[in-house]
Amino acid sequence: MNLKIQITDFGKLSALLRVVKPAGRRRLYTIGTYAAGDLVRRHVRTLSFQRHATASRLGAQPTGHFDISRHPVVARVTGDEGEIEIRIPGIGRARHDISLTTPTSRGKKYLTIPEHPAAYGKTVETLRRRGWKIFRPGRAKILLGYRHKGEKPVKLFALAEQAHFRKDPSLLPTDAEIGNAAAAAMAAEIRRVVAR
Amino acid sequence: MKPEDIMRLKELLPTSLGSAEIREQIARDILRRSVFSARMECARHLAAIRDAVTQMLEGKIERGEAERLLLRSLAALGHPTEGESLTDPASERRLKLILDTQCQMAESVARLSQQTEAVVHEFPGWELCRVGERRLPRKDWLARWNLAGRSVGWEGAVDHPIYGDELAYGFLALKSSPIWQALGDGVGGFVDALGNPFPPFCYSSGMAWLDADRETCERFGLDVAAAEPPTGESLSPAEEEIREAALKVGFDL
C-alpha cells in the first residue's frame, strides 16, 4: 500500500514548499517522509502485539503478520512529494474494504479459511507436503485432514468462494497524523537551517 | 535502495558447513552478501530462497506462501519434506528462521542505505526494541546490551534500558555507536549472534530498530552532534535553498 505525502495545508510550511528550489524541497520531503515512515512503523509495531484474534481463537501460534522487522516500510521522495510504501499484505484494509474472490490468483476455485491450529498460516499444499492427508467430504465446503492412518479427521479449512474484509482504519495512523509527523520534521529542519 | 533490490543482489553460497563452521570459516562480509543455509549445497534451492524472500519483501506473499514455495523446491530435489528438527532443511522452524532472517537483514540494510545526513540529523539514534512476538523470547537482552556497552565504553549508547521489562526492553544508542557491532558480534560469548551491526543481531530475534529522534536522544544524555557526519562551515546547496525560501516566506521560528 502506498501513501502519498504532500504538504498542502500547513500555512507557511506549505508556502515555503511552493517557493523552495528543487534540492531544498527534496531534502525537506526526504526528512518529512522518513518521519512519517517512522510513525507508521511505531503504529504497526503496537498492532503486532494486539492483533491475534484468529490465532487465539484457534489456539494457534501467531504468524507475525504485523512484524515490521520483516515487512518493509519504504520511504521515498519523488519530485514534489514523498511516498511511503507499506509492504504488509492486506494493509490496504486500513483505507478501504477488501474483497477476495475466486478463482484465486493461483487459479484455485475456493479460498481456504483456517479452522484448526495446524492450518493457521498454512496452505493446503504445505500441509500435504508435511504429511497431512487432506480431503473434501462430498460437496461440503470444508476440508478435513489427518496425519496418521487411523486418526480421526479434523476440520482444517472452511472453503469459501469469496471473503470480505471490512475497512479497519485502526491499522494505520490517520492521514492527518501522518501529515503532522511529516510537517513537524520538516519544520524542525527549517528551524535548524535558519539558525545555523 | 529497496530491500528487495538488496536481496536480488545477494550471491548464492552453497556450503557443506554447519552453522558454527560457517561462522568460524567464512568472512562476515561474504555472509552478509550471500544467501546460504547450513549444509545446503544446492544452489537451486538457495535461488528459491532468494526468490521467496524477495517476494515477501515486495509484500506479494506471506510467509506461509513462501514456505510452500520452498517445500516445493525441496520436493523437486527429492528431499523429504516432513522433517521437524532445526537441522532438517524442510522443517517449519528452519524455513521460518531462514525466511525471517533474510527478510530482516535486507530490511535493515535498506534502512541503513536511507541514512542521509539530513535524516541522521533529525533521527540520530536507533531504539532497539521488540517488534515481533516470539514463543520463547530471549530473556538475556539486558545482559547482551550491558556486555556490548561495556566493551565499547558506552560510546554513544545509553547504559540502561529506556523502558520495559525482562521481555520487552527498549535500548537506545546513536546510529554511529560501536555498540551495534558489539551486539552483532555477541560480545560476552553469545554464540547465536549473526555478526552484523544491524538487526537481527541473533537468530530468530524479534528485536529490531525504530528511529529515535533528536529530542529522545538528548533527553537520555546522548551527544547527538557526535552522530552527524562532519559538515562544513557553510550550508549545503539544499540547505541554502531552504534558508532562502524560509526568509522569503517569513517562516516562523
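The values are calculated or read from the model by the stated rules, or taken from the named source; none is laboratory data. This is a predicted model, so every value here is computed, not measured. Counting neighbours? That spans all protein chains shown, and the Cβs are built from the backbone with ideal geometry, glycine included.
Pairing residues of the range A:100-121 that are assigned to a loop (DSSP other than H, G, I, E, B) with residues that are among the charged types (D, E, K, R) and surrounded by 14 or more Cβ atoms within 10 Å (Cβ to Cβ), at Cβ distances under 6 Å and at least 6 apart in sequence or on separate chains, gives A:E115/A:K155. Out of the residues in the range B:131-172 that are of a type in the set (G, A, S) and within 19 Å of B:S108 (Cβ to Cβ), which is nearest to the other protein chains (Cβ to nearest Cβ)? It comes out as B:G132. Within the range A:66-91, the set of residues being in a loop (DSSP other than H, G, I, E, B) and crowded, with 18+ Cβ neighbours inside 10 Å comprises A:F66, A:D67, A:I68, A:S69, A:R70, A:H71, A:P72, A:R87, A:I88.
On inspection, A:I142 passes the criterion of being among the β-branched types (V, I, T) and surrounded by fewer than 21 Cβ atoms within 10 Å (Cβ to Cβ).
Sort out for me the helices (runs of 4 or more DSSP H) sitting completely within the range B:1-114 that have 3 or more residues that are farther than 25 Å from A:A119 by Cβ. Of the helices (runs of 4 or more DSSP H) lying wholly inside the range B:1-114, those with at least 3 residues that are farther than 25 Å from A:A119 by Cβ span B:3-8, B:19-25, B:28-32, B:43-57, B:92-113. Test each condition in (1) more than 23 Å from the chain's Cα centre (by Cα); (2) surrounded by fewer than 17 Cβ atoms within 10 Å (Cβ to Cβ) for A:R106 and report the one that comes out false. With (1) more than 23 Å from the chain's Cα centre (by Cα); (2) surrounded by fewer than 17 Cβ atoms within 10 Å (Cβ to Cβ) applied to A:R106, the lone miss is (1). With respect to being facing chain B (nearest Cβ under 8 Å), closer than 24 Å to B:V120 by Cβ and not hydrophobic (A, V, I, L, M, F, W, C), A:S69 fits the description. Only a single criterion out of (1) under 23 Å from the mean Cα position of the chain (by Cα); (2) of a type in the set (G, A, S); (3) crowded, with 17+ Cβ neighbours inside 10 Å is not satisfied by B:A245, namely (1). Looking only at residues of the range B:65-80 that are under 18 Å from A:T104 (Cβ atoms) and either more than 8 Å from every other protein chain (Cβ to nearest Cβ) or more than 22 Å from the chain's Cα centre (by Cα) (or both), we find that the one that is surrounded by the most Cβ atoms within 10 Å (Cβ to Cβ) is B:A66. Can you find a residue in the range B:97-117 that is over 30 Å from B:D165 (Cα atoms) and within 8 Å of chain A (Cβ to nearest Cβ)? Taking every residue of the range B:97-117 in turn, at least one turns out to be over 30 Å from B:D165 (Cα atoms) and within 8 Å of chain A (Cβ to nearest Cβ).
From the residues in the range A:1-45 that are assigned to a loop (DSSP other than H, G, I, E, B) and under 26 Å from B:E58 (Cβ atoms), which one is farthest from the chain's Cα centre (by Cα)? Per the criteria, the residue is A:Q6.
Which one is nearest to the other protein chains (Cβ to nearest Cβ), of the residues in the range A:74-99 that are in contact (Cβ under 8 Å) with a residue 12 or more places away in the chain and of a type in the set (G, A, S)? Ranking the qualifying residues of the range A:74-99, first place goes to A:A75. For A:T54, the stated conditions hold: it is closer than 24 Å to A:A118 by Cβ and modelled with pLDDT under 95.
Annotation for the range A:37-49: at least one member residue is more than 8 Å from chain B (Cβ to nearest Cβ) and in contact with a strand residue (DSSP E or B) (Cβ under 7 Å, 6 or more places away or on another chain). Of all residues in the range B:14-30, those satisfying the criterion of being more than 18 Å from B:F190 (Cα to Cα), crowded, with 16+ Cβ neighbours inside 10 Å and out of contact with any Leu (no Cβ under 8 Å at 6 or more places or on another chain) are B:T15, B:L17.
Before we move on, is A:T46 surrounded by fewer than 17 Cβ atoms within 10 Å (Cβ to Cβ) and outside the structural domain of A:E115 (by TED's automatic domain parsing)? Yes; evaluated as a whole, the condition is true for this residue. Candidates are the residues of the range A:50-65 that are touching a residue at least 40 places away in the same chain (Cβ under 8 Å) and part of a loop (DSSP other than H, G, I, E, B); the one that is farthest from the other protein chains (Cβ to nearest Cβ) is A:G59.
In this structure, A:T78 does satisfy being over 20 Å from B:L57 (Cα atoms) and at pLDDT below 90.
Residues checked against (1) of a type in the set (K, R); (2) at pLDDT below 95; (3) part of a helix (DSSP H, G or I):
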| site | (1), (2), (3) |
| --- | --- |
| B:R134 | yes, yes, no |
| B:P137 | no, yes, no |
| B:G153 | no, no, no |
| B:A168 | no, yes, no |
| B:L172 | no, no, no |
| B:S177 | no, no, no |
| B:G188 | no, yes, no |
| B:A208 | no, yes, no |
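Test B:S177 against the criterion of being farther than 15 Å from B:L147 by Cα and surrounded by 21 or more Cβ atoms within 10 Å (Cβ to Cβ), and give yes or no. The answer is no for B:S177.
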